[in-house]
Amino acid sequence: MAKAAEPVQMPDDEEMSGAAEPAGQAADQGDRQFVTALSRGLDILACYGPDDRYLSNHEISRRTGLARPTVSRLTYTLTKTGHLHRYDATGEYRLGPKVLHLGFNALAGINVGERGGEVMEALISGPNPYVTVALAERSGTRAVYLATRRQRQAMSLSIEIGAKLPLFYSGIGRAILVGLPPQKRAELLRRCVAEFPEQEERMIHSLREAERDYESRGYCTSFGGWKAEINSIAAPIRSLDGSSVYGLNVGGPSFLVSPGELHEKYGDRLLQAVRDLDGS
């Protein structure tokens, strides 16, 4: 049985009532070491999704909450540094080669990556050809896919590397949460509630459910919790040096991959994968 995740001491009503802060200014406004301009530039790079090719300053402003003049100056600077590329015909921007370079360096620095590939291949070799296996790490209030494996079936999930999933509702996000210290979970809960105050009760319930799942089974579940058509189970993995927590999940379309099958056919496989990879 997995080591029980210590329950989070939930913030009181007053602590939970804060409104979401503008992008690039989260809870660091009083930190004299914090460089707001740099944070805003990184927010611009982070606002691109896997399906985005070019974005206008207007769209970037809408996504980040930054003023148009600020966005204009930052996109100009990021173009000069090679992190953005400007298409002169439309004045829109796409991510530049330096971002790709950073991404490759980040993946190379993940110390479960090489071992993880072999373990993920073993996981998808199970009885259901429609499952997808993924490895993710937390970025802010999202879980970001670092690697995926799937069998060659048209109906398997098509979520790709770089996809961002909600921490509190996806199986892989819940797994990352229960792998974190209680105080960090409480901090992330406050941040997510500030971003989506109308979902406070749902987030608290989801976190409690994840803690119970992990204590009783050694992994977390999400059966339609994020998207109605997706079922998954996931467990936390700690890096060899103990500095990072990842999530490893197995899932698929709900009409092809049932909760019962995930528990019965993949639960033990997932726990073995965690034992093979975990650095704790």
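Computed about the Cα centre, the dipole magnitude for segment 196-280 is approximately 160 debye when only Lys and Arg (+1) and Asp and Glu (-1) carry charge, each at its Cβ. Cα extents for segment 184-280 along the principal axes, largest to smallest and rounded to whole angstrom: 39, 37, 20.
For the residues 278, 88, what sequence is obtained by ranking on other C-beta atoms within 10 Å, fewest first? Spell out each step's value before the answer.
On the way: 278 17, 88 6.
Ranking 278, 88 by Cβ neighbours within 10 Å, fewest first, gives 88, 278.
Arranged from fewest to most other beta-carbon atoms within 10 Å of their beta carbon, 222, 243 become 243, 222.
What's the percent breakdown of Cα-Cα distances in segment 35-102 across 10 Å bins, shortest bin first? Here the calculated profile for segment 35-102 is 22, 63, 15, 0. Greater than 28 Å separation of Cα atoms is the criterion. Which listed pairs, 184/265; 98/227; 98/184; 98/164, meet it? Pairs exceeding the cut-off: 184/265; 98/227; 98/184. Suppose the Debye formula is applied to equal point scatterers at every Cα of segment 109-277; what is log10 I(q)/I(0) at q = 0.11, 0.20 Å⁻¹? Scattering profile of segment 109-277, log10 relative to I(0): -0.39, -1.35. Taking other C-beta atoms within 10 Å as the exposure proxy, 168, 34, 255, 223 rank 255, 34, 223, 168 from fewest upward.
Only the coordinates and a few stated rules stand behind these numbers; no lab work does. All values reported here derive from a predicted model rather than from experimental measurement. As a convention, Cβ positions derive from the backbone with ideal geometry for all residues, glycine included, and neighbour counts pool all protein chains shown.
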